[in-house]
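Below is one structure; the comments refer to it alone.
The values are calculated or read from the model by the stated rules, or taken from the named source; none is laboratory data. This one's a predicted model, so the numbers in the text were calculated from it and none came from an experiment. Virtual Cβ from ideal backbone geometry, glycine too; neighbours counted across all protein chains shown.
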Amino acid sequence: MKVTILTIFPEFFDSPLKQSLLGKALARGSLGIELVDIRDYTADKHRTVDDAPFGGGTGMVMKVEPLYEALSAVTAGKDIPRRKIILTSAAGRKFNQRTAIEYSLLDHLVIICGRYKGVDARLHKFFDIEEVSIGDYVLNGGETAALAIVESVFRLLPGGIGKIDSAMSDSFIEEMLGCQVWTRPARFKGESVPAVMQGGDHARQERFRRFCALQMTMNRRPDLLRQTILDEDDRLMLQEIAAGKEFEDCY
Ligand code: 6GU
């Protein structure tokens, strides 16, 4: 898979793209990231990428010509059917795990990092571009959003994560939050790891994890439970949780 990032701050990506599994995959070549400096596609002496909006108002607008030229260069040559161009924007479609899976199936993902008040709307007349937001808050620029998108998509690619089991048990794969986790020491400043998790009863541990996941989801993201497929056992657990019971009280 190839990812092309169009940005006015290519250096922003230097360090993050060197770290961790993502950095290793890039060094190995199993994933390719191409950074394109939008200023390289300007034609004026000052390499201008923004200008004041027509009709007045605060803030600046990203000019259409440099982005048109940059996108033309990036998409020139052979037609890649599984290619998508996205533009980071607080006004975009909300990015989520489903979108990450969708993007992970592409051959070429092009990310335009939006800045300022937005991009001259005419860019959409020349390219099929999807605007994407990573959440309901405002960032100054799309560079951080692009990094979040790249990381979430990358880890779904073969070799993107240490263990496939780990991806399968992610929060949100089942559209529910994951259970809490513990590691050694079993006791720290008087605080113990739950007894069930220290023992060897794997069936009971599985039940505990399910209980814990339902409890976390009910407390933090009850909205997710409406879309989750729950079996009879889950419903019983949710009743116990709603009644304020803990795992040890019931199982
Ligand atoms: Cl993708 N861009 C900006 N500028 N702000 C955002 C965002 C993106 N997602 C949430 N807020």
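If you check Ala91, Ala43 for being over 21 Å from Thr144 (Cβ atoms), modelled with pLDDT of 95 or more, of a type in the set (Gly, Ala, Ser) and loosely packed, with under 13 Cβ neighbours inside 10 Å, only one passes: Ala43.
Would you check which residues across the stretch 112-122 are within 14 Å of the ligand (Cβ to nearest atom) and of a type in the set (Gly, Ala, Ser) and list them? The answer is Gly114, Gly118.
A count restricted to the stretch 90-106 and to residues that are within 15 Å of the ligand (Cβ to nearest atom) and among the hydrophobic types (A, V, I, L, M, F, W, C) stands at 4. If only residues of the stretch 123-149 that are near the ligand (Cβ under 10 Å from one of its atoms) and part of a loop (DSSP other than H, G, I, E, B) are counted, the one that is nearest to the chain's Cα centre (by Cα) is Ile134.
Condition check: in contact with a helix residue (DSSP H, G or I) (Cβ under 6 Å, 6 or more places away or on another chain) and either within 19 Å of Ala100 (Cα to Cα) or exposed (fewer than 13 other Cβ atoms within 10 Å of the Cβ) (or both). Does Leu35 satisfy that? The answer is no for Leu35. Just wondering, is there one or more residues in the stretch 40-49 that are in a strand (DSSP E or B) and closer than 22 Å to Lys2 by Cβ? For the stretch 40-49, residues in a strand (DSSP E or B) and closer than 22 Å to Lys2 by Cβ: absent.
Yes/no per residue for (1) in contact with a helix residue (DSSP H, G or I) (Cβ under 7 Å, 6 or more places away or on another chain); (2) at pLDDT below 95:
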residue: Phe127; (1), (2): yes, no
residue: Gly135; (1), (2): no, no
residue: Glu175; (1), (2): yes, yes
residue: Cys179; (1), (2): yes, no
residue: Gly190; (1), (2): no, no
residue: Phe208; (1), (2): yes, no
residue: Thr217; (1), (2): yes, no
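Scanning the stretch 193-233 for residues being out of contact with any Phe, Trp or Tyr (no Cβ under 6 Å at 6 or more places or on another chain), outside any helix (DSSP H, G or I) and farther than 18 Å from Lys245 by Cβ gives a total of 9.
For the residues Leu67, Leu109, Leu87, Leu71, the requirement of being part of a helix (DSSP H, G or I), in the same structural domain as Phe127 (by TED's automatic domain parsing), within 16 Å of the ligand (Cβ to nearest atom) and within 19 Å of Gly141 (Cα to Cα) singles out Leu67.
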